[in-house]
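Read through the structure below, which is laid out as C-alpha cells, and then see the notes.
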Amino acid sequence: MATAAVLFLSACSSGAFFLANLPVKFAGPEVSRDISYGPEAWQKLDIYRPEKTNEPAPVLVFFYGGRWTFGNKEQYAFVAKTFADAGYVVVLPEYSKYPAVKFPAFIEDGAKAVAWTHRNIPEYGGDTRRFFISGHSSGAHMGALISANPKYLETEGKPLSIITGFAGLAGPYDFIPQAEDLKDLFGPPKNYPNMQVPTFINGQQPPMLLLHGADDKQVILRNLNRLRDKIEKSGGVVEAHIYEGVDHIDIIGSLSWILDFKAPVERDMLDFFERQSEQ
C-alpha cells in the first residue's frame, strides 16, 4: 500500500495508473468501449454500467484532466469503477488536445459528448433525469464551462437544464494564462474571458459542487473562491469542500483504492448528487 501510494503521488505516472486500475481488470463493471459520439477519430467514449437493477441508474459524465494537452480515458477507469460500484452509469469521453487544436475545440468536443450521452444513455440503463457532469483539473474546467455557458450545449441541440448538477475537482476555473503554451492555447488575451467560467455565471446554471485540496500548488484555491463568489452573488446554488493536507494529485487519487483514505471526495460527491436528484 505504501509503495502504491508513493507511485500514485509521483504525478500520476503510468505505473500509478496501472495500479489504480488493477481492480477494474479483475472485478470491473461492464464496459462498452470506444463508442463514437461524433465523426472525428478521437470522438469516442467509454460507458461503464453498474450491476443491473430494475430501474434506470443516475448518469455521470467525467472529464479527465491533463492540462488540455495529455491523458486518455483509459487511465481514469478507476474513477468510473468507483461510481459504477455506487450505482451510476459512468461515461468517460475522449477529446482533442493542444497543440493539435486550440480553445474552444476541446470544449466543443465535451459538449458533443454530453449531448450524445443525454440522447443515447437510456439504451445503456441511464436515467436522464439524474444527469451529472464532473471532472478533475483541466477536465473540471471543461465540465464547468459546459455547465456555465449555454452556447456549447445549445449548439448540440440541448439546453443547459439537462444537467442536474456539476462537481469539479481542483478546477482552474478563473485564471490568466502565464505559460507560453497556454497563452497560445487560449489567446489572444482579449479571448481570455471566454475561457474563464465566472464570465458566464448568471444564476441560471445547475447546482455546482467545488472540491479542492488545501495543499494544491498546481491549481491555486483562488479559482474555487472566485467561481464560488460569482455563483453566490448571482443567486445560484454552490457548495464547496476544501480538504486539509490534500494536493492536486491526492484529490483525484482519493477516488482510487490506493489513496481512498486521503479525502472523502466520493462521499461528498455522492451526497451532493443524491440531494440534487431529490429536487
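Would you list which lysines come within 21 Å of K190, measuring only between C-alpha atoms, while excluding same-chain residues fewer than 8 positions from it? Output for K190: K102, K151, K230.
Need the C-alpha centroid separation for the stretch 108-185 versus the stretch 44-91, integer Å. Cα centroid of the stretch 108-185 versus Cα centroid of the stretch 44-91: 14 Å apart.
Taking a cut-off of 26 Å, what percent of all Cα-Cα pairs in the stretch 109-254 are separated by more than that? Counting every Cα pair in the stretch 109-254, those more than 26 Å apart make up 25 percent.
With all pairs of different C-alpha atoms in the average, the Kirkwood value for the hydrodynamic radius of the chain is 18.5 Å. For a straight C-alpha distance cut-off of 17 angstrom, the lysines reachable from K217 (same-chain residues fewer than eight places away being disregarded) are K262. Taking the protein heavy atoms of the chain in the context of the full set of protein chains, the accessible area attributed to carbon and sulfur is 51 percent at 1.4 Å.
Can you list, largest first and rounded to whole Å, the semi-axes you get for the stretch 26-88 by taking the square root of 5 times each eigenvalue of its Cα gyration tensor? The partial results should precede the final answer.
Numbers: eigenvalues 100, 40, 22 Å².
Output for the stretch 26-88: semi-axes of 22, 14, 10 Å.
What does the C-alpha gyration tensor say about the overall shape of the stretch 160-219? Classify as rounded when a/c is under 1.5, otherwise prolate if a/b is larger than b/c, or oblate. Since a/c reaches 1.5 but b/c is at least a/b, the shape of the stretch 160-219 is classed as oblate. In terms of overall dimensions, the C-alpha atoms belonging to the stretch 44-146 reach 45, 25, 20 Å along their principal axes, ordered largest to smallest. Taking the Cα of F70, stepping 7 Å toward and past its beta carbon, and measuring to each backbone N in the stretch 97-134: which are under 17 Å? Once the point is set 7 Å along Cα→Cβ of F70, 97-101 turn out to lie under 17 Å by backbone N, inside the stretch 97-134. Net charge in the neighbourhood of I252 (other residues with Cβ under 12 Å of its Cβ; Lys, Arg +1, Asp, Glu -1) is -4. Report, ordered by chain and residue number, the lysines lying within cross-link reach of K158, taken as a straight Cα distance under 20 Å and ignoring same-chain residues fewer than 8 apart. Cα-Cα hits under 20 Å: K44, K112.
Please sort 30-38, 202-210, 67-75 by packing, taking for each peptide the average over its residues of neighbouring beta carbons within 10 angstrom, highest first. Walk me through the numbers on the way to the answer.
Values: 30-38: 15.0, 202-210: 19.8, 67-75: 18.0.
Going by the mean number of other Cβ atoms within 10 Å, highest first, we get 202-210, 67-75, 30-38.
The radius of gyration of the Cα set in the stretch 52-106, together with its Dmax, comes out at 13.8, 45 angstrom. With N as its number of residues, the stretch 225-279 has a Cα radius of gyration that, divided by 2.2 N^0.38 Å, comes to 1.33.
The values are calculated or read from the model by the stated rules, or taken from the named source; none is laboratory data. A quick note: this is a predicted structure, and the numbers were derived from the prediction, not measured. Cβ sites come from the backbone with ideal geometry, for glycine too, and all protein chains shown count toward neighbours. Only protein heavy atoms, including side chains, enter the accessible area calculation; ligands, DNA and RNA are left aside. Shrake-Rupley method; radii C 1.70, N 1.55, O 1.52, S 1.80 Å.
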